[in-house]
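The block underneath contains the structure these notes are about, expressed in structure tokens.
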Amino acid sequence: MIYLDNSATTKPFKEVLDTFLTVSEKYFANPSSLHSKGGEAENLLTAARKSIAALLDVQPSEIVFTSGGTEGNNIAIKGIAYQHQNRGKHLITTAVEHASSYESFQYLETQGFEVTYLPVDEAGMISIVDLKEAMRPETVLVSMLHVNNETGTIQPIKEIGEILKEHKKIFFHVDNVQGIGKVPLQLKEWGIDLCTISAHKIHGLKGTGLLYVKNGVTLSALFTGGEQEYRKRAGTENVAGIASMAKALRLTLDEMRIKKEKILAVKQVFIEGLKKIEGVELNTPEKHSAPHIVNFSVEGIKPEVLIHSLDKRDIFVSTRSACSSKQGGASRILLEMGLDERRASTAIRISTSYDNSLEEAKNTLHVLEEEILNFKKVMR
């Protein structure tokens, strides 16, 4: 099997599964309970929070545990908007956000907020000039992806953070679900106020994530009914999932340090190989893009047909974000980059992990070329 859909989800590390099982068996009590078993679970939760905070170089009090990226984005975006609406109801994001952010902003528009969607260039990047021109006295939030989930484009987060440091009343939220463990991000140094992370993108388990909330940042809670997570997210904590996420984050960051050249080499093999296949057009920019995502279009072949043909040969890729992969039509992201309907409707996404090898990349390219030639013979 060659698994190349890691941006949709990753295979959990064995150590992560072992941690989940051990904690589920031995620390199953509610961490809010007053008895000793509850205290044991609470101590483990505290230890996991400290471990994650140390890995991210932030304070434990700045870590809010969630169910994943979608919830984290919703809490950050809606929580800031509602909490600070008396000061201003203008929000800034980009036209190429993940659906969980994009639809949150669309919802807030129905609630009386005004949203500026920054356009992107042919590489999928925003313009700093556009951002500066969009900011107003009533702007309360700038929110955007670090790494685009479809194309891998990296937004200039550091530069944006430096600009927003001069605008103390504007909060800065970064969706780092695709970037964590692949592209470095400095939360404190870059002036980030809120940051979303999901465990299942880093070989953790689904249903677990976190939202970094800088100390002093206030937001309106979407979930109420308990004092958990500093009253920012009510609900009994998933202690086993959280302890597993701490393990997954540590292992993934270790891999990034050790294997970063390898994953870049695998990406380069894919890029050079795809360029040589007739009818294939690269959509991922070769510069300023993440090391694990390659997006391309194949002229005249429906992506779902090509995906199923690769599936039969034990190679697994996707069309776009897993959250919208079953939707027909063109990719909103690629259309915003200026690609035409044909190209935006025939896109395939390859997304690797640190475990994928150069040999797997070469084999995939060989099979892909064979399948494309077979389809073209049939269509003649």
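Listing for the model above:
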| quantity | calculated |
| --- | --- |
| Condition met for G204 (part of a loop (DSSP other than H, G, I, E, B), closer than 19 Å to I92 by Cα and at pLDDT 95 or above) | no |
| Of all residues making up region 50-62, the number that are open to solvent by less than 50 Å² (accessible area, probe 1.4 Å) and free of Cβ contacts under 8 Å to residues at least 40 places away in the same chain | 2 |
| Qualifying residue in region 81-97 (condition: out of contact with any helix residue (DSSP H, G or I) (no Cβ under 8 Å at 6 or more places or on another chain), closer than 19 Å to G181 by Cβ and open to solvent by 30 Å² or more (accessible area, probe 1.4 Å)) | no |
| Selected residue [within 17 Å of the chain's Cα centre (by Cα), assigned by the TED database to the domain that holds D18 and polar (S, T, N, Q)] from N176, N238 | N176 |
| Matching option when the condition is part of a helix (DSSP H, G or I) and in the same structural domain as V147 (by the TED database), among S309, S220, S244 | S244 |
| Selection count where residues are over 30 Å from the mean Cα position of the chain (by Cα), in a helix (DSSP H, G or I) and among the hydroxyl-bearing types (S, T, Y), scope region 7-41 | 1 |
| Given (1) closer than 30 Å to L368 by Cα; (2) crowded, with 17+ Cβ neighbours inside 10 Å, number of the condition T70 does not satisfy | (1) |
| Every pair of residues 6+ apart whose Cβ atoms lie under 9 Å, when the first sits in region 200-229 and is within 13 Å of Q83 (Cβ to Cβ) while the second is of a type in the set (D, E) | V213/E62; V213/D193; G216/D193; V217/E62; V217/D193; A221/E229; L222/E71 |
| Test: residue in region 339-351 that is touching a residue at least 60 places away in the same chain (Cβ under 8 Å), open to solvent by 20 Å² or more (accessible area, probe 1.4 Å), of a type in the set (D, E) and not assigned by the TED database to the domain that holds E159 | no |
| Count of residues meeting criterion [surrounded by 15 or more Cβ atoms within 10 Å (Cβ to Cβ) and touching a helix residue (DSSP H, G or I) at 6+ places or on another chain (Cβ under 9 Å)] in region 282-292 | 7 |
| Test: residue in region 249-267 that is in a loop (DSSP other than H, G, I, E, B) and either more than 21 Å from L185 (Cβ to Cβ) or open to solvent by 50 Å² or more (accessible area, probe 1.4 Å) (or both) | no |
| Residues located in region 274-303, provided they are part of a helix (DSSP H, G or I) and modelled with pLDDT under 95 | P303 |
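Listed here are the residues, each with its yes/no results for (1) at pLDDT 95 or above; (2) in a strand (DSSP E or B); (3) under 30 Å from E71 (Cα atoms).
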site	(1), (2), (3)
E272	yes, no, no
S325	no, no, yes
L339	yes, no, no
L368	yes, no, no
K376	no, no, no
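Okay, residues lined up against (1) charged (D, E, K, R); (2) closer than 28 Å to V317 by Cα:
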position	(1), (2)
K78	yes, no
H84	no, no
H98	no, yes
Y102	no, yes
I126	no, yes
P137	no, no
L145	no, yes
N148	no, yes
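The values are calculated or read from the model by the stated rules, or taken from the named source; none is laboratory data. Note that this is a predicted model, so its numbers are computed, not measured. As a convention, Cβ positions derive from the backbone with ideal geometry for all residues, glycine included, and neighbour counts pool all protein chains shown. For the accessible areas, the whole protein counts, side chains as well, though only heavy atoms, and no ligand, DNA or RNA atoms are used. Shrake-Rupley method; radii C 1.70, N 1.55, O 1.52, S 1.80 Å.
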